[in-house]
Amino acid sequence: MDRTLANFIRALRNAEVRISTAETLDAFSCVELVGYEDRAHLKRSLSLVLPKTEDEKETFDSTFDQFFKYTDVQGERAATQSEADDGDAAEGEGGEGEGEGGEGEGGGSAEAQNRGQQTGGKKKKKSKGNAYLGEEEEEEDLGPGEMTDAQSPLGALLMQNSRVELTVAMSEAGEKVDVREIQVFTQKGLYTRRIMDEMGLAGLNREISDARDSNNVSQRRMGQELKRRREWLRDQVRDYVERQFLLHADATGKRLREELLRKVKLSNVEHRSFRLIQEIVYKMAKKLAALHSRRKKVFKRGQINIPRTLRYNMAYDGAIFDLKWKSVKIDRPKVFAICDVSGSVANYSRFMLMFLYSLEEVMPKVRSFAFSSDLAEVTDLFDRNNLEDAIAKTLRDYAGGSTDYGQAFQDFKRLCLDGIDHRTTIIILGDARNNYGDPRAEILKEMYDRCKRLIWLNPESRNSWYVGDAEMRRYSAYCHQVDECNSLMHLERVVGNLLRTVT
Amino acid sequence: MPDIAKMAESVEALKAHFEEHRYICSDQVATAVYLAFHLRKPVLVEGPPGVGKTELAKTTSEMFDLPLIRLQCYEGLDEAKAIYEWKYGKQLLYTQVLKETLDEVLQGAQGFAESVGRLHEFGDIFFSEEFLEPRPLLKALREEDGCVLLIDEVDKSDHEFESLLLEILSDYQVSIPEIGTVKATKEPPMVFLTSNNTREISDALKRRCLHLYIPFPDVDIEQRIIHARVPDIPEELRRQLVTFIQELRDLDLKKVPAISETIDWARTLLLLHTETLDPQLVRDTLNVILKFQEDIENVDSEITAITSKALKS
């Protein structure tokens, strides 16, 4: 029983629900209290203990249904199969002795109750074999009769008709071939095959072909029965692999993709991956936010905290000489993001804005500006719309036109140079390709003088910074920091550094 | 004194008792209280504003007939306001008294060592219970027969404060450096923490709690809530207004109406002797359920459609 829960928690972890050991222990005591009998009750209870955010609760719901439904389906299948068996057994009754048929039926219902039990199961199978053989054309004349025992280990196991043992054998084989390592769905066939091999498929195949060529009627009958059960086994293994895939691989495959996407150049990201990228950005931002959300305190000089001072000076006979000052919390950093949204750089800007605004928790005061030729503030767009819409609107409204950094800086100066103070960090994202226009670097210098930090992020690789119409040489003189930035990893590093220095 | 253990015997029983106290809840909520009671764990309740998070704690205290101790969190809340504080005024007075009696105490003492020895004998009551001013958390631990402790809007407090809570949440105790550890009396308090999710609560805190998410209720439950809270409203109208609100929640609004707004609206309509919804009436009373002018303007064009939908339900 406990193993079931442990497996379930494993599956949950795979579905990216974070569960600590302490929570696992809680889950155990919770199950102890409510038991496994009432499924809905169990689900409700566990959903209080294990998932700890709204998203995780959704994941939990689907994982729970998937995980515990599987056993149900198996149970149903066992039931329907043994029902069918019952029917078959009844059909075969005519050929067989009456008592045997009755026994077969008894076995069938027993199996329906606790699948895996085989009191009389073997006999029932025999009788069922009769009925079945009646339908097979090539050996129609075999009729009811004895079957020899299967010789190969897997064959013997199959003939034993013990579901429990088969499942155990299947899991063991699965362990051996590391089915948990399955990563992509194309591997399902491969692993099915491997597990069958591991269970001794070769031996079984040999036995079946031997049996077919045999002169002995009962051996041939046995061979046919084995063949039929081999197909059944294949289905079972396929199901097993499928389940393992769903529980283990889905996440690993995704993690692999995420890992790749972090490193890929942002301009090369395909449109269909945007969703995933957004998730990654969000995750990265969460991580950074958690890291930097502690606020530092600075002391406000000149204001005494009376209660604290009195309290601390109690030990000195109430004479106040160890003064305690009031402290205030430091302001959150002000960030101005200026993004080039012309064709070549638009994609980078998109992700950078995404990143900055996902960091709302630690950087609530982001003002953003977009330009290709004319510059405008887009902060409002982001306040009023959700992230995706805001970005789409920004790109729609400002992305046209050829790049003119000089004009953009002039607009910026007009708009909000006064807003820049010693707490402000300015991030400019662009390739500095000015189409041979006037770079107006003096405005950048003015910004540089006023702000705390000016960071230029250039999506082009360093080699091409000084080639052609790029003004990077002139601009970089007035930047505190110049960085190449063209993948999510770069972006994460830059923003991480930003948070470290500004908070 | 009601028998708490009997009340919390099963989820169904709890639910019934909640309903007696006019708090209609889903199985999920009742299960949370059930587990909280049996596993002795705090519950972290999250959900949109106005779905009855605080009400849950209040009703629980009412139902179990336990005192409710409430700590409202805000930015800047610290241990001096949440756990304990020294009565420094009294301490100051005490030093004055001590100074005057010091001569008597030290009279006849030979040398410095003996003086210090006598002072020690005099007792270290300076930082003792006498001078301790308990704040909500400490008070909750000291309640003899247990209590319900509500730590409201924990997301509004600082990160540091969350760490302060960890000890009390996992072990039901607080450590006061000058005195030692104060443990909960035989009945630890039932703790409810509520959060509006304005920021992510730390994992350490979440790990120690059961996590209950209360979403907006479905039609059925909301109708029963209205029935419980505004019993006088005709059934027909009740169904209409609940349907209307449910439809509103699907729209893209700045602030969707919560249960408390539904209740307010029901009361309003009752006051206006309304028999049935009609677009004009809805338009006139819309400011009861929508709290932003922008939302009201947005909804305006759809009122007729939604109202007729609600009427048909």
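Please express the Cα-Cα pair-distance distribution P(r) of region A:381-474 as a list of whole percents, one per 10 Å bin, running from 0 to the bin with the greatest distance.
Spelled out per bin, shortest first, that is 14, 39, 38, 9.
Using 15 Å as the cut-off for backbone N distance, which residues of region B:252-289 belong to the label zone defined by a point 7 Å from the Cα of residue B:221 along Cα→Cβ?
Only B:258-260 fall inside the zone, counting backbone N under 15 Å.
Considering amide H positions built from the backbone, and no H for Pro or chain starts, which residues 5 or more places from residue B:213, or on another chain, come under 5 Å of its amide H?
B:46
With the cut-off at 1.5 for a/c, could you classify region A:151-263 from its C-alpha gyration tensor as rounded, prolate or oblate?
Here region A:151-263 falls in the prolate category.
Using the Kirkwood radius over Cα pairs, work out the Stokes-Einstein diffusion coefficient for region A:334-502 at 37 °C and 0.692 mPa s, in µm²/s as a whole number.
Rounded, D is 210 µm²/s.
Between B:258, B:109, B:30, find the one with the highest GNM mean-square fluctuation for chain B; connect C-alpha pairs within less than 10 Å.
B:109
Classify region B:28-147 as rounded, prolate or oblate, taking a ≥ b ≥ c as the square roots of the eigenvalues of its Cα gyration tensor: rounded when a/c is under 1.5, otherwise prolate if a/b is larger than b/c and oblate if not.
Prolate is the answer for region B:28-147, as a/c is 1.5 or above and a/b outweighs b/c.
Seen from all sides and averaged, what is the projected area of the convex hull of the Cα atoms in region B:193-243, in nm²?
Averaging across all directions leaves 4.9 nm² for the Cα convex hull.
Dimensions of region B:219-307 along principal axes (Cα, Å, largest first)?
The Cα atoms of region B:219-307 stretch 32, 23, 19 Å along the principal axes, largest first.
Could you work out how much longer the chain between residue B:102 and residue B:20 gets when fully extended? Use 0.36 nm per residue separation minus the Cα distance between them, nm to one decimal.
Length gained between residue B:102 and residue B:20: 23.3 nm.
Anyone know which of B:61, B:260, B:195 comes out most mobile in the 10 Å Cα GNM of chain B?
Ranking B:61, B:260, B:195 by mean-square fluctuation puts B:260 first.
Hey, can you list the residues from region A:14-30 whose accessible area shrinks by 40 Å² or more with all protein chains present, relative to the chain by itself (probe 1.4 Å, no ligands or nucleic acids)?
Buried by 40 Å² or more upon assembly, which counts only protein chains, are A:26.
About the Cα centre of region A:393-503, how large is the charge dipole given +1 on each Lys and Arg Cβ and -1 on each Asp and Glu Cβ? Please answer in debye to the nearest 20.
320
How large is log10 of I(q)/I(0) for region B:164-279 at q = 0.19, 0.22, 0.23 Å⁻¹ when the intensity is taken from the Debye formula with one equal scatterer per alpha-carbon?
Each listed q maps to, in turn, -0.98, -1.19, -1.26.
Working out 0.36 nm times the residue gap between residue B:170 and residue B:305, then minus their Cα-Cα distance, what length gain in nm do you get to one decimal?
Length gained between residue B:170 and residue B:305: 43.4 nm.
Roughly speaking, what % of Cα-Cα pairs in region B:98-233 are separated by over 22 Å, rounded to a whole number?
Summing the P(r) tail past 22 Å for region B:98-233 gives 61 percent.
Rank these by accessible area, largest first, 1.4 Å probe: B:244, A:245.
A:245, B:244
Restricting to bridges with both residues inside chain B, how much of the DSSP beta-bridge set is antiparallel, in percent to the nearest 5?
About 30 percent, rounded to the nearest 5.
What does the buried accessible surface come to for A and B, summed over both chains, with the probe at 1.4 Å? Round to 100 Å².
Roughly 3000 Å².
So for the pair residue A:228, residue B:110, with labels modelled 7 Å out along Cα→Cβ, what separation do we get in nm?
Distance between the two pseudo-spin positions: 11.1 nm.
Please report, in whole Å³, the volume per residue of the convex hull around the C-alpha atoms of region B:87-130.
So the per-residue hull volume is 67 Å³.
What average count of beta carbons from other chains do you get within 10 Å of the Cβ of residues in A:38-49?
5
Quick check: pseudo-label points 7 Å beyond the Cα along Cα→Cβ at residue A:317 and residue A:260, how many nm apart are they?
7.9
With an 8 Å Cα cut-off and a minimum separation of 6 or more residues, compute the relative contact order for region A:334-502 in percent.
21
Determine ³J(HN,Hα), in whole Hz, for all residues of region A:436-442 in sequence, where each value follows from phi through the Karplus function 6.51 cos²θ - 1.76 cosθ + 1.60 and θ = phi - 60°; x replaces Gly and Pro.
6, x, 6, x, 6, 5, 5
Using a Gaussian network model of chain B whose springs link C-alpha atoms within less than 10 Å, name the residue from B:92, B:165, B:251 with the highest mean-square fluctuation.
B:92
Quick query: amide H of residue A:454 versus all other amide H atoms, modeled in the peptide plane; which residues come in under 5 Å with a sequence gap of 5 or more or a different chain?
Amide H neighbours of residue A:454, under 5 Å, 5+ apart: A:426, A:480, A:481.
Based only on Cα atoms, what Rg/Rh ratio does chain B have, Rh being taken as Kirkwood's radius?
Taking Rh as the inverse mean 1/r over Cα pairs, Rg/Rh reads 1.16.
What residues have an amide H closer than 5 Å to that of residue A:365, excluding those fewer than 5 places away on the same chain, when H is modeled at 1.01 Å from N in the peptide plane?
Result for residue A:365 returns A:335.
Please list B:79, A:37, A:207, A:58 in order of solvent-accessible area, largest first, computed with a 1.4 Å probe with all protein chains present.
In descending accessible area the options line up as A:37, A:58, B:79, A:207.
Where the only charges are on Cβ atoms (+1 Lys, Arg; -1 Asp, Glu), what is the dipole of region B:87-130 about its Cα centre, to the nearest 20 debye?
Using Cβ point charges on Lys, Arg, Asp and Glu, region B:87-130 gives about 180 debye.
Roughly how much of residue A:172 is accessible, in Å² to the nearest 10, using a 1.4 Å probe?
110
Of B:106, B:94, B:125, which is farthest towards the positive pole of region B:87-130's charge dipole, taken about the Cα centre with +1 and -1 on the beta-carbons of Lys, Arg and Asp, Glu respectively?
Looking along the dipole axis, the top candidate is B:94.
Relative contact order for chain B: what percent, with Cα pairs under 8 Å and sequence separation of 6 or more?
Reported as a whole number, the value is 22 percent.
Any idea what the dipole of region B:219-307 comes to, in debye rounded to 20, about its Cα centre with Lys/Arg Cβ at +1 and Asp/Glu Cβ at -1?
In debye, rounded to 20, region B:219-307 gives about 340.
Using label points projected 7 Å from each Cα along Cα→Cβ, tell me how many nm separate residue B:283 and residue A:276, to one decimal.
A separation of 5.1 nm, rounded to one decimal place.
When the solvent-accessible surface of protein heavy atoms is calculated with a 1.4 angstrom probe, in what order do B:183, B:87 fall, highest first?
So the residues, ranked largest to smallest area, are B:183, B:87.
What FRET efficiency comes out for residue B:72 versus residue A:449 if R0 is 51 angstrom and r is the Cβ-Cβ distance? Round to the nearest 0.05.
After rounding, the FRET efficiency stands at 0.65.
The values are calculated or read from the model by the stated rules, or taken from the named source; none is laboratory data. Not measured: the values here are computed from a predicted model. Note that each Cβ is placed from the backbone with ideal geometry, even for glycine, and that neighbours are counted across all protein chains shown. Remember, those area values only see protein heavy atoms, side chains included, never the ligands or the DNA or RNA. Shrake-Rupley method; radii C 1.70, N 1.55, O 1.52, S 1.80 Å.
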